[in-house]
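Quick one: this structure, given as structure tokens, is what I'll be asking you about.
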Amino acid sequence: MYRVTTSRLGPDARRVSSGSENIDRGELSAVELTVLLDAFAEVDPVDNEEHDPHIVVSGRSAKLIIRTSRGRLQVYDVRDHAAPGIEMTVPRIIERLDFVGEPTFPFAEEKELPAPTAPHRGIAFAMLLVGLVLNGYILYSVFYVDSVNKKPEVKLITDADELKARKASVVGVYATGNKTGDRVIEVLANGQVRFYEVGLKGPINDSRDTYGLGRHDGVVCLSTAENGVVDLSGDNLVYYKDVYLRRRP
């Protein structure tokens, strides 16, 4: 598991949140960290330059600061401020976090670890299995992100009466819960939708977008300008596979 804190990032890590403080995302698995870093690499380059979003990750052997630049991840060692940043892939970052023992080389040199000499067959087989599992996790996370992020083809509702009735029924507040860190979607009657998280002292990572009502694959949905598609499921919403329950007055 890896301890993760993000700075100036929205809930999905794909968008910059200029007014947000550091967010403690708790402990993430290798799969969850892979999904987070893949999403982080998609941050808009202009927002990235202006606000400098970054992620701090602590593993068994290292604590790293991770920044992004045009789809690439730049990694810095928290314990060595003089060392320059190094471009790394997500698997290489996880390998660096998991390396146990004191490395005999500076972090900035980024040398490969020496191969073991004549390992026992049982150990070699176990290492092979671990490698296969890790690769499986990485492939799963890549396809998972692609499937979640792929925006379906939405056909907007044009019938005036249906559009009026749908909008009247969908306006309201929806949430994954009422505890700190839970996420909220507020659908407004003026064609705007608000996304934020429940904070200790009020909403955090607060952002707004516009929406239109439509359908994809027979499902009624909100098609937003910047935040993808939010599906309607009965009285609730489904966004990035999370269910947002409608709050009652």
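How much length is gained if the chain between GLU49 and LEU129 is pulled fully straight, taking 0.36 nm per residue apart and subtracting their Cα-Cα distance, in nm to one decimal? Write out the running numbers ahead of the final one.
Details: separation 80, 0.36 × 80 = 28.80 nm, distance 4.08 nm.
Taking 0.36 nm per residue and subtracting the Cα distance, the gain is 24.7 nm.
Same structure, new question: Of LEU232, LEU64, how do they rank once you tally other Cβ atoms within 10 Å and put the fewest first?
LEU232, LEU64
If you plug each phi of region 156-161 into the Karplus form 6.51 cos²θ - 1.76 cosθ + 1.60 with θ = phi - 60°, what whole-Hz ³J(HN,Hα) values come out, in order, with x for Gly and Pro?
5, 6, 10, 5, 4, 5
What number do you get for region 155-246 when its Cα radius of gyration is normalised by 2.2 N^0.38 Å, N = residues?
So region 155-246 has a normalised radius of gyration of 1.06.
Starting from the Cα-Cα distance between ARG92 and LYS241, subtract it from 0.36 nm times their residue separation and give me the gain in nm to one decimal.
Using 0.36 nm per residue and subtracting the Cα-Cα distance, I get 50.8 nm.
Here is a follow-up. Counting other beta carbons within 10 Å of each residue's own, what order do THR89, THR158 fall into, fewest first?
Numbers: THR89 13, THR158 9.
Placing the least packed residue first, the sequence is THR158, THR89.
Please work out how many pairs of lysine residues in region 155-246 are eight or more positions apart (or on different chains) and have Cα atoms closer than 21 angstrom.
Lysine pairs satisfying the spacing and distance rule in region 155-246 number 5.
So what's the gap between the Cα centers of region 21-59 and region 221-239, to the nearest angstrom?
For region 21-59 versus region 221-239, the Cα centre distance is 24 Å.
Every number in this text was worked out from the coordinates using simple rules, so none of it is lab data. Bear in mind that the values here come from a model prediction, so they are computed numbers and not experimental data. For neighbour counting, all protein chains shown are included, and Cβ atoms are generated from backbone atoms with ideal geometry for every residue, glycine included.
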